[in-house]
Structure formats: C-alpha cells, structure tokens
1. Name the residues in segment 7-53 that are within 14 Å of residue 77 (Cα to Cα) and free of Cβ contacts under 8 Å to residues at least 12 places away in the same chain, would you?
2. Tally time: how many residues in segment 164-214 are open to solvent by 30 Å² or more (accessible area, probe 1.4 Å), assigned to a loop (DSSP other than H, G, I, E, B) and either farther than 30 Å from residue 231 by Cα or among the aliphatic types (A, V, I, L, M) (or both)?
3. Applying the selection to segment 24-55, what residues are small (Gly, Ala, Ser) and in contact with a helix residue (DSSP H, G or I) (Cβ under 7 Å, 6 or more places away or on another chain)?
4. Tally time: how many residues in segment 2-23 are out of contact with any helix residue (DSSP H, G or I) (no Cβ under 6 Å at 6 or more places or on another chain), hydrophobic (A, V, I, L, M, F, W, C) and loosely packed, with under 15 Cβ neighbours inside 10 Å?
5. Take residue 23 and tell me if it is assigned to a loop (DSSP other than H, G, I, E, B), out of contact with any Lys or Arg (no Cβ under 6 Å at 6 or more places or on another chain) and under 16 Å from residue 110 (Cα atoms).
6. What pairs come out if I take residues in segment 108-128 that are in contact (Cβ under 8 Å) with a residue 24 or more places away in the chain and pair them with residues that are open to solvent by 10 Å² or more (accessible area, probe 1.4 Å) and assigned to a strand (DSSP E or B) whose C-beta lies under 7 Å away, six or more apart or interchain?
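The values are calculated or read from the model by the stated rules, or taken from the named source; none is laboratory data. Here the structure is a predicted model, which means the values were calculated and not measured. Virtual Cβ from ideal backbone geometry, glycine too; neighbours counted across all protein chains shown. Only protein heavy atoms, including side chains, enter the accessible area calculation; ligands, DNA and RNA are left aside. Shrake-Rupley method; radii C 1.70, N 1.55, O 1.52, S 1.80 Å.
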Amino acid sequence: MEIRAATVLPARREPIELHTADGLTLVGELAQPLDRPPVATLVTLHPLPTHGGFMDSHVYKKAANRLPALADLAVLRFNTRGTSSERGTSEGTFDGGEGERFDVAAALEYAEFHDLPRVWVVGWSFGTELTLKWAHDPLVEGAILLSPPLHRATDADLDKWAEFGRPLVALVPEFDDYLRPDEAKARFARVPQAEVIGVDGAKHLWVGEPYVRIVLDEIVMRVNPAASPLPTEV
C-alpha cells in the first residue's frame, strides 16, 4: 500500500492533558508504537494559532499518523493556550509567545514524568520561536525547526541556544514568506552547532506530499537514523 496524505498507520493513540505552572489545562494527544516502546520522542510546537495553527496542523498530524509505525517514535502534539482543535480547546488565551513558556515546560514535564525517551522538540513557524526561547531544557536532546521566521526569537535567543549546545536543525523553504535559506544561514551563523537546510521549491506551509516526506525524512534522519529513509509503501 502506498503511503498517501490521508494514510493512518497503526499506533497507540491516547488523549492527554498537560498542566501548566500558571494553572491552565492544555489538551493534546500522544501517539506511540503499537506493540513496542518508542526509541525517541517528538514534542511538537504548532504554528501561530491566530493564523490557523494548532496541534492538527498537517505536518504534525501526518507525523503522528506515520512515525510511530515507521520510525518507532512517540509523537506528542498539543494545543497551546487558547488554541482549539478537534481534540478540544486549551485553557487560557494566546500570549504572543511569552505565557507559552509554561506550555512548553508542561509538555516537557509530561514527557519526563511518563518516561518518554530521548526528547527532541520540533517547532513549526511560531513553534520555532517557542523552541528557541523556551525549550533549552536539560531533557531536550536537540531541536528541529520548520520554517523559522526569527520574528519573536531574537539574536539573544539564538545565543542562548548556542550556549545550550544541543543540536539545532532548521529546514527553510526556498520560497518562505518570512525567512529564506540565504538569510537564515546568516542569522543562524551565531549558533555554531546549527545546521540550516534549504528545501528547493518548498513554501512556508509545506503543502504537498513531496514536501511532507522531506520534512519527516529529515526529522527521522536526526532522531532515529536507523529508520531512515522512510518507506513510501507499507
């Protein structure tokens, strides 16, 4: 069977709740391999909720639909404060990336409390800002950024990640609306361990199955290289 955009492969999927230090309950889902423990964990941070971003943004939904089965990964998705999806609405209101520090911390605490292994943070657009600002936690092995705008995240945040020392991979679309590969390479140059990968033909939202496959392959190549490249059929 060819893996297509709507393909959902077997996994253990359960609704979860995250509890923030400032008293909010956030809704999410954890997908894990069906009959074996995960070898690593993706904590995903979604695009800007005021522009349609949520835990079901298509790259993350497809990651949860495929990667537990194809790459033995756990995929944790959740709605940041004030964000709604089919799973429900997280308490609180959007705070421009500041109050969301507690949301990021709550997701990482959930992963730690539930003994999820080898945590990597995957941020997309607004989620990359949250990653750079708030995800330098000792639990985190590294981070992967999809379409980083470097709008709310400043050079000071990049410097903090440089000091943190963990791997940082940025996938930058050739035709991104906010930050394109050449400029991204210049901005990320202050992070010695950063790797910037320009993706030919791609746009900010990674629309199209070929681009989704590129993103998922790049993630798996870093997090569980033994499962790379991902198959296109099952």
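1. Selection gives 17 alone.
2. The number of residues fulfilling the criteria is 8.
3. The answer is 31, 40, 53.
4. Number satisfying all stated conditions: 1.
5. yes
6. Hits for this filter: 118/141; 119/141; 120/141.
Okay, residues lined up against (1) in contact with a Leu (Cβ under 6 Å, 6 or more places away or on another chain); (2) more than 14 Å from residue 86 (Cα to Cα):
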position	(1), (2)
9	no, yes
14	yes, no
20	no, yes
33	no, yes
37	no, yes
45	yes, yes
